[in-house]
Amino acid sequence: MNVNSTVIGKPISRVDGRLKTTGAARYAADHRPVEGRPLHAVLVKSSIASGRITGFDLSALQSMSGFVRFVSHLDGALIRTIKNPVDGAFAAGEEYTPFENDRVHFVGQHIGLVVAQTLEVAEAAAKAVVVDYETSAARIEFADPTAEVRQPDLYNTGEELQVSRGHVEAGLVEAVEIVKATYTTPIEHHNPIEPSATLAVWDGDHLTIYDATQGSVNDKNYVAFGMSVDPKNVRVLNPFIGGGFGCKGFTWPHTLIAAAAARAVEQPVLLVLSRKDMYTSCGHRPYTEQEVTLAADADGVLTATRHRTQSYRSLVGDHVEPCGMTTAMLYQCDNLEVTHSVRVLNRPSGTPLRSPGEAPGTFALESAMDELAEKLGMDPVDLRRRNHTDIDQRNGRKWSSKHLLECYDRGAEKIGWGRRKAPGQWRDGNDLVGLGMATACYPGYRMPTQTRLTLDRDGTLHVGVAVQDIGTGLYTVLAQMVAERFGTSPENVRVLIGDSDLPPGPLAGGSMTTASVAAAVDDGCRALSEKLRARLVDMGHTPGNEPLVIDGGALRSGPLSVPAAEVIPTDVHEIVAEGGSDDTYGFTGGVETDKSFYSFGAIFAEVRIDRDFGIIRVPKMTGVFDVGRVINAKTARSQMLGGMTFGIGMALMEETFIDDKTGRFVNPSLGEYYVPVNADVNEFDVEMLDIPDYDFNPFGARGLGEISNVGASAAIANAVYNATGIRVRHLPIRLDDLLEDLPR
Amino acid sequence: MAASAHQLRIDLTVNGTVHGIDIDPRTTLLDLLRETLDLTGTKKGCNHGQCGACTVHVNGKRVLACLTLAALCDGADVRTIEGVGTPEKLHPLQDAFIAHDGFQCGYCTSGQIMSALAALEEPWGPDDAAIKEAMSGNICRCGAYPNIVAAVQEVRKSAEGGRNA
């Protein structure tokens, strides 16, 4: 690695920026079949939480001009039965097969699809379908005593969800101060601005799908299985995705339904989910109740830690919100118990939402740390330093690279931590002012990835891999990586992603794409370089040991310079090399190593609260992150801004309400589910330590999509406490939580 | 287009081109642009006027195309993102969005740019707080807000400089 790179780490503008700012970037619903226009489809969803469908009355539809077809379980085996959510080849958000039978498990379940010549007719027809049900008893309320309770062993990463070490009771006896409190986090929805959408186009037994998915390869395998066709005959294209945040990660039934309908009507079908559909069709973060016990001696050393998480799952989806995973890892503590339990309810399915587990888990853990610091009379930053460890508490391994103490130092300096006063004591005009902080962390994951590197006769490099840019900047990052390896400008690199026909890569989740492609690109560039050197030798040249540079249409090595058009024979047009890595890091069952991989950071927040109205504002947030080498300073900073903005939403605004009687979400719209808007966001101060982690991959980068959201809600909650002396143990924190008790 | 028995004829100008179209009276301006005219740069995020992704200009003012019936646009002059600039020839605001990284996934971006172009002609005042307020009808879930403000400010200041010069 050239540490003085002219490419890596530079704030290069997005290479796809011209397409995105002119409306020329095509997202799933913007594509059209090669010939003709697609039929439009609209979902019919269950309005009951439990029971069976006894019939559909379609009489109103038949007279609608432009109505084409209604598809449901009555059509027989349109879709092959999927027995497991994880079939080996794919991971689905739900383990049920759409339209398999008459059973209904939650409100919003897809029970039918209307296909029509226009969207207006499809929408009217979907509304006109009358469904007859036989309802059965539903378990909806979180505390329903009849609900089955499960204690799952493992999260989907393979990490243990029930962890015990030492003796918590003995640790409690040793302590001089104990915090024991219950924290809750609400149901939250991803709400990417692009709703999920699928355009399914059949050509014989070949299927092309334009899908709003975070994982084209996963999607391809799922659809191929459900449609009983060879995965080779399915191509998923997702060159642009309008955000995902997890809800387009695992693949969902609507994609299969669109494919099945297109086959049934023998025409291309476009299914675009409505905003309301998005609340029940592709997951949410479930409500969590977290009981945290922290015990410490007089010096603030933790003597016992207990973190018990209760959450829920649907009947057909197995997502567990793994809130305690961070707790089992982060602070030095020999006596620890982490448990997770889920209640099985007639609710829509949960799924990972940006930093699943870490975001709600650190709200509880880092709020409890703040409460403990208060009890001990210690500075909250000092308490965290006191319990800092350079050993992964789960397995005794050293970290590949951990600079968390520097994050605390830099963050405290940048926010002006020294200004902090005792709770409720800082007044500025009519505002109560407070500062709070929290630790941020997120695992380092890496998945097997293959790449194809190509040099054409113009001297342009091409890199192809079936990964996707959901807004992270991957197009640009890939161009930079290849440019770095061949000593050229990113403008000289064409990036091909978002196509399942390319060499396989992982889905965009777990903040793992950059680290995964880093290893694959490194190997692909090595393979191309070797081929090109061999070709130069064949041509009678003697390339030296200097790195091969490809720039200005020529290949150079030391004094040697040969035009690409001469190196590449006229009959082949290009030289192609494939490379990659089969290694998995960070997941159970990955590469055997004596190190653990994690990103760390510290988030500091300043809040100002109107003394009369209790309105909470966040004038400034500072985040300092240890996320390995930064590949692109501009897009990396943007991701951090986005994560911290997500954190403001989680802390102060976002909540989906469920009606315990009917099982319906009460506020499934952007008008009633509040997310941050421009006026809600103020100053962000982001710094990345930029210390490479070469144990993790050859470019030294770790992921950064999720860590920026971790700790943000706790930092704000702790700042609210510092400003007011009021401890709010649930999210979101709203003015009515403060109004009655605000210090006058 | 097949479909409803009841069709309405409207004439409207979109990005300088005159169209005479038979429409289903239920059609929104947004669906007309996307599904009939294939102008897919304008996005549907919520279809309820809550996200701003579908912002276009009608007779010079910003409107939410999802809340505007196409039938009410007879005779209207509509401008969409496709009428602002092209990948080969960007409008200065598009350039500024790229330079300041005023987007991530890019899905809300057409609406942000159409909103900002209109806001620059509206009486909002020069400071960041005013621009944030003017741009708060356009949700960016990726959280590019400070970068959007920076991009709009750059264009506003250079326009101001041009006027003062």
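What is the sum of charges, Lys and Arg at +1 and Asp and Glu at -1, for the other residues whose Cβ falls under 13 Å from the Cβ of A:Tyr585?
After counting each charged neighbour, the total is -2.
Between the range A:611-684 and the range B:104-149, what is the separation of their alpha carbon centroids in Å?
The distance from the Cα centre of the range A:611-684 to that of the range B:104-149 comes to 17 Å.
With a/c under 1.5 counting as rounded, go ahead and sort chain B into rounded, prolate or oblate using the C-alpha gyration tensor (a ≥ b ≥ c being the square roots of the eigenvalues; past the cut-off, prolate if a/b is larger than b/c, else oblate).
Cα axes put chain B in the prolate bin.
With a sphere of radius 13 Å drawn around the Cβ of A:Gly614, what net charge do the other residues whose Cβ falls strictly inside it have (Lys, Arg +1; Asp, Glu -1)?
On the way: positive: A:Arg608, A:Arg611, A:Arg617, A:Arg734, A:Arg744; negative: A:Asp431, A:Asp610, A:Asp612, A:Asp736, A:Asp737, A:Glu740, A:Asp741.
The answer is -2.
Work out the FRET efficiency for A:Arg533 and B:Glu133 from their Cβ-Cβ distance, taking R0 = 45 Å, and round it to the nearest 0.05. Could the numbers behind the result be given before it?
Values: r = 59 Å, r/R0 = 1.31.
So the FRET efficiency works out to roughly 0.15.
Apply the Karplus parameterisation 6.51 cos²θ - 1.76 cosθ + 1.60, with θ equal to phi minus 60°, to every residue of the range A:67-82 and state each ³J(HN,Hα) to the nearest whole Hz, in sequence, with x for glycine and proline.
Per residue, the Karplus-derived 3J(HN,Hα) values read 6, 10, 6, 10, 10, 7, 5, 6, 7, x, 7, 6, 10, 5, 5, 9 Hz.
Taking amide hydrogens as modeled 1.01 Å from N in the peptide plane, which residues meet the under 5 Å criterion relative to A:Gly249, leaving out close sequence neighbours?
Amide H neighbours of A:Gly249: A:Gln214.
Taking neighbour counts of Cβ atoms within 10 Å as a proxy for exposure, in what order, fewest first, do B:His91, A:His319 appear?
Numbers: B:His91 18, A:His319 28.
Fewest to most other Cβ atoms nearby, the residues stand as B:His91, A:His319.
Grab the other residues whose beta carbon is less than 9 angstrom from that of A:Val463, score K and R as +1, D and E as -1, and report the net.
Charge balance near A:Val463 sits at +2.
Counting only DSSP beta bridges with both residues in the protein assembly as shown, tell me the antiparallel percent, nearest 5.
On the way: 117 of 150 bridges.
Taking every DSSP beta bridge within the protein assembly as shown, about 80 percent pair in antiparallel fashion.
Where q = 0.13, 0.18, 0.26 Å⁻¹, what log10 of I(q)/I(0) comes from the Debye formula for the range B:92-164, counting one point per Cα?
Values, matching the q order: -0.31, -0.60, -1.29.
Restricting the count to DSSP beta bridges whose residues both fall in chain B, what percent are antiparallel, rounded to a multiple of 5?
Once the DSSP bridges in chain B are tallied, antiparallel ones form about 90 percent.
What is the distance in Å between the Cα centroid of the range A:422-448 and that of the range A:210-280?
39
Collect residues whose amide H, placed 1.01 Å from N in the peptide plane, falls under 5 Å from the amide H of A:Gly112; neighbours closer than 5 in sequence don't count.
Residues meeting the criterion, in which the H sits 1.01 Å from N, are A:Val44.
When the Karplus curve 6.51 cos²θ - 1.76 cosθ + 1.60 is applied with θ = phi - 60°, which whole-Hz ³J(HN,Hα) does each residue of the range A:107-122 get, with x for Gly and Pro?
Each residue's phi maps through the Karplus curve to give 6, x, 4, 6, 10, x, 9, 9, 10, 8, 6, 10, 5, 4, 5, 4 Hz.
Would you work out if the protein assembly as shown is rounded, prolate or oblate? Take a ≥ b ≥ c from the square roots of the eigenvalues of the alpha-carbon gyration tensor; rounded if a/c is under 1.5, else prolate when a/b is larger than b/c, oblate otherwise. Intermediate results must be reported in sequence, preceding the final value.
Details: a/c = 1.32, a/b = 1.11, b/c = 1.19.
Rounded.
Pull out a ≥ b ≥ c, the square roots of the eigenvalues of the alpha-carbon gyration tensor of the range A:522-670, then state rounded if a/c is under 1.5, prolate if not and a/b is larger than b/c, and oblate in the remaining case.
The shape class here is prolate.
Can you give the percent of C-alpha pairs in the range A:140-246 whose distance is more than 23 Å?
61
Please report B:Glu160, B:Glu82 as a ranked list, fewest other C-beta atoms within 10 angstrom at the top and most at the bottom.
Result, fewest neighbours first: B:Glu160, B:Glu82.
Once phi is turned into ³J(HN,Hα) by the Karplus curve 6.51 cos²θ - 1.76 cosθ + 1.60 with θ = phi - 60°, what whole-Hz value does each residue of the range A:193-207 show in order, with x for glycine and proline?
Per residue, the Karplus-derived 3J(HN,Hα) values read 6, 7, x, 4, 8, 9, 10, 10, 10, 9, 9, x, 9, 9, 10 Hz.
Roughly how tilted is helix B:109-119, in degrees to the nearest 10 and between 0 and 90, from the longest Cα axis of chain B?
Around 70 degrees separate the two axes.
For A:Lys421, which aspartates and glutamates qualify as cross-link partners when the Cα separation must be under 18 Å and same-chain residues fewer than eight apart are set aside?
A:Asp370, A:Glu371, A:Glu374, A:Asp379, A:Asp382, A:Glu413, A:Asp431, A:Glu606, A:Asp610
Most exposed first by the Cβ proxy, i.e. fewest other Cβ within 10 Å, how do A:Arg452, A:Arg629 rank? List each step's numbers first, then the result.
Working: A:Arg452 21, A:Arg629 26.
Ranked by crowding around the Cβ, least crowded first: A:Arg452, A:Arg629.
In deg cm²/dmol, rounded to 500, what helix-only [θ] at 222 nm does the protein assembly as shown give when every DSSP H run of at least 4 residues adds -39500 (n - 2.57) and the total is split over its residues?
-7000 deg cm²/dmol
Just to confirm the filter: which GluC sites (Glu not before Pro) across the range A:133-218 are DSSP coil and have at most 13 other Cβ within 10 angstrom of their Cβ?
For GluC sites (Glu not before Pro) across the range A:133-218 that sit outside H, G, I, E and B with at most 13 neighbouring Cβ atoms in 10 Å, the list reads A:Glu148.
Exceeding 25 Å between C-alpha atoms, which entries from my cross-link table qualify? They are A:Lys45/A:Lys248; A:Lys375/A:Lys620; A:Lys398/A:Lys634; A:Lys20/A:Lys248; A:Lys10/A:Lys398. Spell out each step's value before the answer.
On the way: A:Lys45/A:Lys248 19 Å; A:Lys375/A:Lys620 27 Å; A:Lys398/A:Lys634 31 Å; A:Lys20/A:Lys248 20 Å; A:Lys10/A:Lys398 30 Å.
Where the Cα-Cα span goes over 25 Å, the pairs concerned are A:Lys375/A:Lys620; A:Lys398/A:Lys634; A:Lys10/A:Lys398.
Values quoted throughout were computed directly from the atomic coordinates according to the rules given, and no laboratory measurement underlies them. What you see is a predicted model, and the numbers here were worked out from it, not measured in a lab. Neighbour counts run over all protein chains shown; Cβ positions are idealised from the backbone, glycine included.
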